1. Which pairs do you get when a residue that is within 17 Å of E90 (Cα to Cα), found in region 38-58, comes within reach of a residue that is basic (K, R) and open to solvent by 40 Å² or more (accessible area, probe 1.4 Å), reach meaning Cβ atoms under 7 angstrom, with the pair 6+ apart or on two chains?
2. Quick one: in region 4-55, of everything that is charged (D, E, K, R) and within 20 Å of E100 (Cβ to Cβ), which residue is surrounded by the most Cβ atoms within 10 Å (Cβ to Cβ)?
Amino acid sequence: MSIIDDKNKVKNYLAIDYGKSKVGLALGDNEVSIAFAYKTLDNDEKLVDNLRKIIQEREVNQIILGKLGMPGGQKESFDAQEIGAEMEKELGVEVRYQEEMFSTKMAQDSLKKRGAKKIKKLDNQEAARIILQSWLDKKYKI
C-alpha cells in the first residue's frame with residue numbers, strides 16, 4: 001500500500017459569486033484547473049443547507065468567494081470576510097478570496113458572445129466561473 005502525498009491529492013473547489021438575492025456557483029479542481037459554471041441559488045434561508053449538500057455531493061475541499069477589494073474601488077454591498085468566516089463556521093470548509101471586479105459584466109459579455117438566452121438567469125453562475133478560473137490560473141500559474 002502506498003501513501004499518497006497531499007500535494008498529489010485532487011482538490012475540489014466551489015466558487016461563489018455572492019449577491020443579495022442570487023448566489024452563483026462554479027466548480028473546478030486542481031487536476032484539470034478548468035472552472036465550470038454550476039448553478040444559481042436563491043439567497044434565502046435555505047442557502048446554507050443547499051451549499052452544505054453541494055459540498056458533500058461534490059466533495060468540496062475549499063470555497064473561493066468573490067470579493068471586491070481594489071483600493072478606491074466600489075464599495076461591496078456585503079462584507080466578504082464576514083460572510084467567508086460564517087461559511088467556514090457553518091460549512092466546515094476553508095474559504096479563500098478572489099477579486100471579482102467586473103466579473104458580472106464579463107459574465108454577461110461572455111454569455112452574449114456565446115448566444116445564450118436568459119442572460120440574467122445565468123450571469124451569476126458565469127461570474128462564479130470567471131472568479132474560480134482567475135483563482136485557478138493564479139494558484140496553478142496557467
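1. Pairs found: N43/K20; N43/K22.
2. D17
The values are calculated or read from the model by the stated rules, or taken from the named source; none is laboratory data. It should be emphasised that the depicted structure is a prediction, and the values quoted were computed from it without experimental measurement. No Cβ is skipped: glycine too gets one built from the backbone with ideal geometry, and neighbour counts run over all protein chains shown. Keep in mind that these areas ignore ligands, DNA and RNA; they rest on the heavy atoms of the full protein, side chains included. Shrake-Rupley method; radii C 1.70, N 1.55, O 1.52, S 1.80 Å.
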